[in-house]
Amino acid sequence: MLKITADESDVLSAPDTKAGKLQRACFALLKQHEREGTIPTNGRFLFYELEQQGVVPKAYRDASGNKRARTPAQDISDATMRLRALGLVLWSWILDESRDVTTWRYAESVYEYVADSVERARINCWGEELPPLIICEARATRGVLERNVAAEYLCPITATGGQCGGHLVTEVAPLLTNNDRKVLYLGDCEERGPGDQIEANTRRYIEEHTGRTFTPETWIKVALTPEQVARSPRLRKFAIDKVDNRCKPPRPYKAVECEAVGQAVLERMLRKALDGLLPEPLERVRVREERQRAKVRAAPFHCA
């Protein structure tokens, strides 16, 4: 766990200022994520959680009620950047899904490459089935679930980022062609709103280009469903009013955004769904996996 080596008052903005209050709220929230094991996280989840705590509003508005150009998310980004620059939290704790770097593994020899790969080696935990494909509506959701859950369960994962077509045809459909691989979907609960249409568009493209017809057993919406919202007073509290301006006249609807659930809860929901599909407990597979690694490490290697 990180230690603060200097008094916060000396390194952060004054505690009675807007910036100082937000920096301290972000620090407390990130430490909570550390305790809950939900690191890394990202700015979108931090925004939703701080908004739910009443630390920031959904949007800044002027005296006339119009949205200001400056957003609470930008202030949160500035606050977390200050925390990272001061060394109060690690840079790696917060992800940016919009940017990445492609690198390649290599070694001085094939022997060293193989020897180094032993610690990374995984064995199939899905028996005779393919691991489910996780499809997220939002890139922010995919970012945290990829590292914290999907990698552990060996599940491919993607995000549509809204409605899309080309990515589904070229990258996603091949993973679901000529097999019975299941889909686990995570997106906003928007009955008769764009969220429903994004999921329907995703499913339609995949069915059209794979020749498959999904059922409730093969296309599973992990979050958020109307039933989940109806059962949870907490989720209903997060419902917001939206307007679909594509309709004439514009049509209002209620929405509960997936990130509003909270990162820890969302991870637990996905883990529960995956555990229910596994042919045997993951813990048992990981024990067998480590035993096999130990045998490989102990075996003599011969480099020609």
Members of the stretch 280-303 found to be open to solvent by 80 Å² or more (accessible area, probe 1.4 Å) and more than 13 Å from residue 123 (Cβ to Cβ), listed by number: 283, 297, 298, 300, 301, 302, 303
Whichever residue in the stretch 28-70 is open to solvent by less than 50 Å² (accessible area, probe 1.4 Å) and more than 20 Å from the chain's Cα centre (by Cα) and, among such residues, is farthest from residue 235 (Cα to Cα): 65
Residue in the stretch 242-257 that is open to solvent by 40 Å² or more (accessible area, probe 1.4 Å) and under 24 Å from the mean Cα position of the chain (by Cα) present: yes
Selected residue [modelled with pLDDT of 95 or more, closer than 19 Å to residue 139 by Cβ, touching a strand residue (DSSP E or B) at 6+ places or on another chain (Cβ under 8 Å) and among the hydrophobic types (A, V, I, L, M, F, W, C)] from 220, 206: 206
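Would you check if residue 166 is open to solvent by less than 40 Å² (accessible area, probe 1.4 Å), under 30 Å from residue 251 (Cβ atoms) and at pLDDT below 95? Don't jump to the end; show me each part of the working.
Working: open to solvent by less than 40 Å² (accessible area, probe 1.4 Å): no; under 30 Å from residue 251 (Cβ atoms): yes; at pLDDT below 95: yes.
Considered against the rule, which asks whether it is open to solvent by less than 40 Å² (accessible area, probe 1.4 Å), under 30 Å from residue 251 (Cβ atoms) and at pLDDT below 95, residue 166 comes out as no.
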Answer residue from the stretch 139-163, given it is within 19 Å of residue 199 (Cβ to Cβ) and among the polar types (S, T, N, Q) and is most open to solvent (accessible area, probe 1.4 Å) among those: 163
Qualifying residue in the stretch 107-118 (condition: surrounded by 12 or more Cβ atoms within 10 Å (Cβ to Cβ) and not in a helix (DSSP H, G or I)): yes
Leading residue by the ranking (nearest to residue 151 (Cα to Cα)) among those in the stretch 11-26 that are modelled with pLDDT of 95 or more and buried (at least 21 other Cβ atoms within 10 Å of the Cβ): 26
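The values are calculated or read from the model by the stated rules, or taken from the named source; none is laboratory data. Since the structure is predicted, the reported quantities are computational estimates derived from the model, not experimental observations. Backbone-built Cβ (ideal geometry, glycine too); neighbour counts: all protein chains shown. Just the protein is used for accessible areas: all its heavy atoms, side chains included, with ligands, DNA and RNA removed. Shrake-Rupley method; radii C 1.70, N 1.55, O 1.52, S 1.80 Å.
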